[in-house]
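What follows is calculated from the coordinates using simple rules that are stated; it is not laboratory data. Note that the structure is a prediction, hence the values are computed from the model and not measured. FYI the Cβ positions are ideal-geometry reconstructions off the backbone, even for glycines, and counts take in every protein chain you see.
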Amino acid sequence: MNLPLPSLLPVAWARFGFVAALALLLGGCAVLSGLPGAPDRTPLFQAKNFSGEATMPAAVRRVVVLPVSGGGVVDQEVVATLDPVVRTALQEQTRFEVVALTREECRARFGAPDFSSAAALPADFLGRVAHAFAADAVLFVDLTVYDPYGPLQVGFRAKLAAVEDVRLIWSYDEKISTADPAVESSLRRIYHAPGATPVDLSTAYLQSPLRFASYAAQVMFQTLPPR
């Protein structure tokens with residue numbers, strides 16, 4: 001029996017809807033990763049260029065942190081802004097008591113506002129620092145790369161030296177850039193708070209040099225030997 005055209009229209013539209021739905025279902029895999037809220041499968045950033053003892057020595061309880069050494073990468077005013085950033089990131093790891101040597105005190109005691117881990121040190125430098133602050137170790141932090149423009153880049157080199165037998169407990173040398181997809185993915189996972197109205201703070205870390213330096217310092221000190 002032939003149905004009039006008006007009677008065929010609902011059937012045709014039903015078939016079209018089924019085909020469209022099937023196409024969306026089959027093509028979902030191709031577009032899912034681009035949808036808001038889709039899981040980010042980019043690997044997280046992992047620091048690789050570091051070495052150290054298996055565990056933090058029990059005798060290391062109090063550590064003097066020297067001012068960050070700019071090494072000619074940036075001027076003194078800029079590198080000085082990184083001192084509290086580095087100190088805060090270190091304290092968050094709770095590996096030991098942190099004693100900060102200020103630039104002013106470093107200059108007054110040793111004749112320079114900071115000292116690089118790769119440069120010659122004054123005579124008996126570690127011993128003098130240890131005696132002045134009753135410290136078990138000294139932490140050197142050097143700024144090796146600092147690009148405050150896109151893409152942001154921060155490089156830190158650090159060495160933790162025991163005073164008693166003058167040996168390296170831990171060393172680190174890594175450059176981190178927002179151009180690395182693993183870095184951006186890590187920032188978004190760390191600083192994106194889930195919830196009904198999620199707060200995404202990762203944009204600030206991807207755009208602010210100081211905030212990004214804070215993240216780079218956190219990555220660095222997470223590689224310290226555990227207790």
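Label separation (T94 vs L201): 1.8 nm, computed from points 7 Å beyond Cα along the C-beta direction. For the peptides 145-154, 208-217, 53-62, 169-178, the ranking by packing is 208-217, 169-178, 145-154, 53-62, with the highest mean count of neighbouring Cβ atoms within 10 Å listed first.
Put simply, the amide H of S69, placed in the peptide plane, has neighbours under 5 Å in V141, D142, L143, leaving out anything fewer than 5 places away on its chain. Among bridges DSSP assigns within the range 58-221, what percent are antiparallel (round to 5)? Of all bridge pairs located within the range 58-221, approximately 75 percent are antiparallel.
For the range 58-221, the spread of Cα coordinates along the three principal axes comes to 55, 35, 23 Å, biggest extent given first.
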